[in-house]
Amino acid sequence: MSDKPITYAWAINHALDEEMQRDPDVFLMGQDVGRMGGVFGLTRGLHDKFGGERVRDVSIVEHLVVGGAVGAALGGLRPVAEVQFADFLLLAGDESFHKMAKWRYMHGGILTLPMVVRAPCGIQGGVGAEHSQSPEGHYWHTPGIKIAVPSTPADAKGLLKSAIRDDNPVIYFENRRLYRVKGEVSADPELLVPFGQGKVRRVGRDVTIVAWSAMVDAALEAAEILEREEISVEIVDPRTLVPFDMETVSTSVRKTSRLLVLHEASLTMGPGAEIAARAADELFEHLDAPVKRLAGTDNPIPQNMALEQFCYPQTDQIVSTVRDLAKW
Amino acid sequence: MTTMSPDAGLTKQRETLLRLYRETARGRALEDVVNQLAQTRTFRGFFHPGRGQEGLQAAVCTALNVDDYLLYAHRGLTYLTAKGMDPVSILGDFHGRLAGSTRGLGAGTVHCVDPARGIMGQGGTLGSCFPLSAGLALASKTKGEGKVAAAFFGEGASARGTFLESGVTAKAWGLPVVWICENNGWAVSARVQDVQGTADIAPRAAALGFHTQVVDGQDVLAVHEAAIEAIRQARGGVPAFIEAKTERIEGHFTGDMQPYRDRDEVAAAKTRDPLLLAGQRLVELGEDTAVLDDIREQARAEMNAADEAARTSPLPDGTRIHEGVWA
């Protein structure tokens, strides 16, 4: 089968299409996923192809979307629920932090919840403080949920397919800034990207950057600039946060001795803190420099598009932070 | 002095009543054991006694098929025994032992589970049963299994936003849910009229388009008949709602002396004990009181034996906490 460049958004559409084709228990529900094909166009064509019982539009009912997915999964279906923006997961706080994460464990570990919640995240388009967040850290702090954070079209497809086939609840954070990014995606419907296996996006010697989602592209851009200054950057994309592939991070840091953790979510108590703490704990003797974090700023995200860029790490900031690290 | 009626309807009524009497008595006997465990501090968690509400729980759960889904509520245990769950595994959860349905994760009623009998558990946050029951009902409908998803809750939880979100969707999708509101008038210490501006919950469900019934929750036969109709409606794709007006005879939890309640009200509630009322009706229909005494005695013996079996089961060791997070 030939690989052809398609967008990150279309890769998600293909994953849904193929998995719905493969397994009649897979169904979609969310606001505007049906007739409209999704507010971002990601479920286009699926309502026509699979019908309204497998692509279910709902009212503005986040409790029901996430809690109903929990119930449907308990009843033997494989729901792929969509909250229109990742921020709206918090409207279904009880259903996501408690029911989805804990129902299996609370009931002795004998029930299974094979479900996915798709959560479009990221800063783009002036949609403000309640439509731009990347709350993966909130859920990393909640035992019982797997977390996917794809950065490329190929991973967007392969990870979503793995998520749908997983018997555990998964939150799939898809970054809206990546929707139009194109990349080669396998047409093989059995090509999955396994959870818990990070990928080295760029091989380097001097500094390791751990980045995921839309921050991978920013890191790659920075690495190109730094290469001209003879600073060689290795970029590790964990691809899933739960499970987290510390081994690939560790292998890289043993080589480079310097680590920058990069993410879009705001800095304080963000997911980078966990990675930095683990690196300090597990890789202390291999480090030649303090572990650095570069992340979103600690303020609500303003709606003014001219100000958005100041809220998450930009390429020049990554370049200067790595430059400083390389001096150690 | 009442004589046995030759009327077949009355005979059937008596048979049904006897069955409900037995299930109510079993639930009460189980709760008596748990109350004893709480009083002797063998069980140290919170227990929310169902005294006064056992009859309606028995009346609904005996109307369900064994594979119909059940999301029970926190108040009492009769839901579980009437749905067919083994009391040893319920009490195993209270004792926090491996015989419990959660294999030692217990303790308490909160998360007893028995998927083979459709008992899919309970959330620690009230009102979470609404979206989950809608999801279970959706699975049943999609797979063409014909199961209903029954969810119990108090009038307090009916005020949650989850009720509205799940209700509108259940109606839109014709989901086979049966929602049973156990309206005992009290959410811990809050009187329903004071905090909800009404004593009646059913109009809300009616407004959503549910098939709605209001029934005396102390009359087991009336509740049973309402449940049969509600289940019939739900299986036909009409979400169904029962508001059972009931009595909370004891406090919110074992040891709550209910200082916020009028003593006369509690005394009046006690006269509406569902086991007492079902027994009186059976005697009116010609049942021998010795038969009723025997049913209660058997229930006590069953639950005492279950307690013995549960408490002698092994305790989990510390490694248990790591099991079962992931499938």
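The values are calculated or read from the model by the stated rules, or taken from the named source; none is laboratory data. Quantities reported herein were computed from a predicted structural model and do not represent experimental measurements. As a convention, Cβ positions derive from the backbone with ideal geometry for all residues, glycine included, and neighbour counts pool all protein chains shown. Surface areas here come from the heavy atoms of the whole protein model, side chains and all, with no ligands, DNA or RNA. Shrake-Rupley method; radii C 1.70, N 1.55, O 1.52, S 1.80 Å.
Secondary structure note: in chain B, about 10% of the DSSP beta bridges are antiparallel. Of all beta bridges that DSSP places with both ends in the stretch A:4-185, some 15 percent have antiparallel geometry. Tell me which of A:Leu287, A:Pro302, A:Leu178 sits at the most positive position along the dipole axis of chain A, charges placed on C-beta atoms (Lys, Arg +1; Asp, Glu -1). Of the options given, the answer is A:Leu178. I'd like the distance between the alpha-carbon centres of the stretch A:162-238 and the stretch B:59-97, rounded to an integer number of Å. Comparing the Cα centres of the stretch A:162-238 and the stretch B:59-97, I get a distance of 48 Å.
Inter-chain neighbour count for B:162-173: the average number of beta-carbon atoms from partner chains within 10 Å of each residue's beta-carbon is 5. The ellipsoid equivalent to the alpha-carbon distribution of the stretch B:275-327 has semi-axes of 42, 15, 6 angstrom, derived from the gyration tensor eigenvalues as √(5λ) and listed largest first. In terms of its alpha-carbon gyration tensor, the stretch B:97-210 comes out oblate; a/c meets the 1.5 threshold, while b/c is at least as large as a/b. As a ratio to 2.2 N^0.38 Å, the alpha-carbon radius of gyration for the stretch A:199-326 is 1.00.
Its alpha carbons considered, the stretch A:1-126 gives a radius of gyration followed by a Dmax of 14.9, 46 Å. Per-residue mean of foreign Cβ neighbours for B:314-327 is 3 (Cβ atoms of other chains, 10 Å radius). Once divided by 2.2 N^0.38 Å, the Cα radius of gyration of the protein assembly as shown becomes 1.10. When the charge dipole of the stretch A:1-124 is built from unit charges on Cβ atoms (+1 for Lys and Arg, -1 for Asp and Glu) and taken about the Cα centre, the candidate among A:Ala101, A:Gly38, A:Ala69 whose Cα reaches farthest toward its positive end is A:Ala101.
One quarter of the convex hull surface built on the alpha carbon atoms of chain A amounts to 16.4 nm², the projected area averaged over directions.
Report the FRET efficiency, 1/(1 + (r/R0)^6), for B:Ser189 and A:Glu230, where r is their Cβ-Cβ distance and R0 is 56 Å, rounded to 0.05. The value I calculate is 0.20. A simple count of charges around A:Ser186, restricted to other residues whose Cβ falls under 12 Å of its Cβ and scoring Lys, Arg +1 and Asp, Glu -1, yields -3. In chain B, helices alone account for a calculated mean residue ellipticity at 222 nm of -14500 deg cm²/dmol, with every DSSP H run of four or more residues adding -39,500 (n - 2.57). Filter A:Lys4/A:Lys255; A:Lys99/B:Lys141; A:Lys157/B:Lys171; A:Lys99/B:Lys12; B:Lys12/B:Lys171 down to the pairs with a C-alpha to C-alpha distance above 32 Å, please. With Cα atoms farther than 32 Å apart: A:Lys4/A:Lys255; A:Lys157/B:Lys171; A:Lys99/B:Lys12; B:Lys12/B:Lys171. Taken about its Cα centre, the protein assembly as shown carries a charge dipole of about 360 debye when Lys and Arg each add +1 at the Cβ and Asp and Glu each add -1 at the Cβ. Taking label points 7 Å from Cα along the Cα-to-Cβ direction, A:Gln309 and A:Asp188 give a separation of 4.1 nm.
Over the stretch B:238-327, one equal point on each Cα, no solvent: what is log10 I(q)/I(0) by the Debye formula at q = 0.15 Å⁻¹? Log10 of I(q)/I(0), two decimals: -0.98. Of the residues B:Ala63, B:Leu221, B:Leu10, the one whose Cα sits farthest toward the positive end of the charge dipole of the stretch B:8-314, with +1 on the Cβ of Lys and Arg and -1 on the Cβ of Asp and Glu, is B:Ala63.
Residues of the stretch A:105-144 falling in the label zone of A:Met269, defined by backbone nitrogen less than 16 Å from a point 7 Å along Cα to beta-carbon, are A:134-143. Both numbers refer to the Cα atoms of the stretch A:1-52; Rg and Dmax are 11.2, 34 Å. Where does the Debye-calculated log10 I(q)/I(0) of the stretch B:26-78 sit at q = 0.15, 0.18, 0.26, 0.27 Å⁻¹, using only Cα point scatterers of equal weight, no solvent? The Debye formula, applied to the Cα set alone, gives -0.46, -0.62, -1.01, -1.05. When +1 charges are put on Lys and Arg Cβ atoms and -1 charges on Asp and Glu Cβ atoms, the dipole computed for the stretch A:4-185 relative to its Cα centre reaches about 340 debye. Computed from label points 7 Å out along Cα-Cβ, the spacing between B:Val291 and B:Thr319 is 5.4 nm.
When a 1.4 Å probe is rolled over the protein heavy atoms, the share of accessible surface on the protein assembly as shown that falls to carbon and sulfur comes to 52 percent. GNM on chain B, alpha-carbon springs under 10 angstrom: the most fluctuating residue among B:Ala310, B:Ala230, B:Ala58 is B:Ala310.
Within the protein assembly as shown, antiparallel bridges make up roughly 20 percent of the DSSP beta bridges whose residues both belong there. Take each residue of peptide B:98-105, count the partner chain Cβ atoms within 10 Å of its Cβ, and average: the result is 2. The helix-based estimate of mean residue ellipticity at 222 nm for chain A, built from -39,500 (n - 2.57) per DSSP H run of four or more residues and divided by its residue count, is -10000 deg cm²/dmol to the nearest 500.
All Cα-Cα separations within the stretch B:8-314 were binned at 10 Å from zero, giving a P(r) of 7, 29, 36, 24, 5, 0, each value a whole percent of the pairs. As a calculated quantity, the FRET efficiency between B:Thr312 and B:Thr16 at R0 = 35 Å, using C-beta atoms, amounts to about 0.45. Measuring only protein heavy atoms, the 1.4 Å probe finds B:Val192 accessible over about 10 Å².
Sorting the segments B:131-144, B:262-275, A:54-67 by their residues' average number of neighbouring beta-carbon atoms within 10 angstrom, most packed first, yields B:131-144, A:54-67, B:262-275. Placing +1 on each Lys and Arg Cβ and -1 on each Asp and Glu Cβ, with no other charges, gives chain B a dipole about its Cα centre of roughly 780 debye.
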